[in-house]
Amino acid sequence: MMEVLKALWKTSLGRAGILILLPMFFCAVFAPVIAFHSPYEPDIKNILSPPSLSHPFGTDMLGRDVFSRVIYGSRISLLVGFVSVGISVVIGILIGAISGYYGGLLDNLLMRLVDLVLCFPTFFLILAVIAFLEPSIWNIMVVIGLTNWMGVARLVRAEIMSIKTKDFVLAAKASGLSNLRIIFTHILPNALSPVYVVATFGMGGAILTESALSFLGIGVQPPTPSWGNILTQAKECVEVAWWLSLFPGLAIFFTVMGYNLIGEGLRDIFDPKKRLSVIRV
């Protein structure tokens, strides 16, 4: 992992992505220290106050400090990215590994399952599932994870199908190792390079999905601050309180862009044609 990070820092895209995301992670971890005011406490004397020294991002319709709400909202967005992508990666790796290694009828059944799920537009599938569940951050993370594993499964399957015929795998089979040990010890560590790239792009996509759901009112529920539900309030007074839409919108933009830049950097690292560095996973 350290070799990957060092190689990523050597790429211009990866370095730019890291420099963008580091302040976001810093704000999320130290939100109670950085935030000047409570993100929940209203102040009727400062309703829709423009940006100032005491309120750098202004206040909302209840007088709450937008800066504090954006800072605390970063915790929600980054948590959604990690947990939902973690769920989708675990499911995708398991299904892709089983399908690619065993092949045959099991492979056909699992890939038809992937094709079936891909027939449904992901966002509308998430909307349909969320509509039957209680809106909460945990439900959102689980649903996003359960509806975005198909690409990982296909990538892992393709990688394993190309690796399982190599000499070191055949030697492991000849030595009498179990299939599970061969898959998880000898094959998977050499098949995860494209998964890192897809997972990084997926985090940006998960943040956008959570923001869209919260904006529609079926995601993170007030008073818990989320970039999406801050934008929901902003649409009601966008002409008189421009700061309500500008700052959470910029937070979403830069966070997603940071993940995408890191994803592009990882793609350059693992591209054998560019040979930026030798990565042993």
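For L188, what charge total do you get from the other residues with a beta carbon under 13 Å from its beta carbon, if Lys and Arg give +1 and Asp and Glu give -1?
Result for the local shell: +2.
By how many nm would the segment from L48 to A128 grow when fully extended, if each residue of separation counts as 0.36 nm and the alpha-carbon distance is taken off? Spell out each step's value before the answer.
Values: separation 80, 0.36 × 80 = 28.80 nm, distance 3.49 nm.
Working it through step by step, the gained length comes to 25.3 nm.
Farthest toward the dipole's positive end in region 71-270, which of G104, V156, M257, given Cβ charges of +1 (Lys, Arg) and -1 (Asp, Glu) about the Cα centre?
G104
Using only the C-alpha atoms of region 158-281, find the volume of their convex hull and express it per residue in Å³.
148 Å³
Any chance you could tell me what percent of the C-alpha pair distances in the chain go past 34 Å? Let's see the in-between values first.
On the way: 12243 of 39340 pairs.
Of all Cα-Cα distances in the chain, 31 percent exceed 34 Å.
What is the sum of charges, Lys and Arg at +1 and Asp and Glu at -1, for the other residues whose Cβ falls under 15 Å from the Cβ of G17?
+2
Run the simple label-point estimate for L246 and V90 please: 7 Å along Cα→C-beta, distance reported in nm.
4.2 nm
Distances over 27 Å make up what percent of all Cα-Cα pairs in region 92-222?
Here the tail beyond 27 Å accounts for 32 percent of pairs.
Assign unit charges at the C-beta atoms only (+1 for Lys and Arg, -1 for Asp and Glu), then state the dipole size of the chain relative to its Cα centre in Debye, rounded to the nearest 20.
Approximately 1100 debye in magnitude.
Once you put a point 7 Å from the Cα of L62 and another 7 Å from the Cα of N179, both along the Cβ direction, what distance in nm separates them?
Distance between the two pseudo-spin positions: 5.5 nm.
Which net charge results for the neighbourhood of I98, defined as the other residues with beta-carbon distances under 15 angstrom from its beta-carbon, given Lys and Arg at +1 and Asp and Glu at -1? Before the final figure, lay out the partial values.
Working: positive: R112, R154, R157, K164, R181; negative: D107, E159.
Net local charge, I98 excluded: +3.
With helices defined as uninterrupted DSSP H runs, which ones in the chain have an alpha carbon span along their own long axis of at least 18 Å and mean Kyte-Doolittle hydropathy of at least 1.0?
Membrane-span-like by this criterion, though nothing is claimed about a membrane: 12-29, 66-102, 104-118, 150-163, 193-216, 243-270.
Got a sec? Which residues in region 47-76 would a label at C237 touch, if it sits 7 Å along Cα→Cβ and we count backbone N under 19 Å?
Taking a point 7 Å out along Cα→Cβ of C237, the residues of region 47-76 whose backbone N falls under 19 Å are 47-71.
Gain in length, L216 to L170, computed as 0.36 nm per residue apart minus the alpha-carbon separation, to one decimal in nm? Please report the intermediate quantities before stating the final value.
On the way: separation 46, 0.36 × 46 = 16.56 nm, distance 5.26 nm.
This chain segment gains 11.3 nm when fully extended.
Within 10 Å of each residue's Cβ, count the other Cβ atoms and sort L113, L231 from fewest upward. Show your work: numbers first, answer last.
Details: L113 14, L231 20.
Listed from fewest to most nearby Cβ atoms, that is L113, L231.
How high is the FRET efficiency between D107 and V142 when r is their beta carbon distance and R₀ equals 25 Å, given to the nearest 0.05?
0.40
For a footprinting-style exposure proxy, rank I34, I183 by other Cβ within 10 Å, fewest first.
So the ranking, lowest neighbour count to highest, is I34, I183.
Over region 26-150, one equal point on each Cα, no solvent: what is log10 I(q)/I(0) by the Debye formula at q = 0.18 Å⁻¹?
-0.96
Coordinate-derived values only; no laboratory data. As the structure is a prediction and not an experimental result, all values here were calculated from the model. Positions of Cβ are generated from backbone atoms using ideal geometry, with glycine treated the same way; all protein chains shown enter the neighbour counts.
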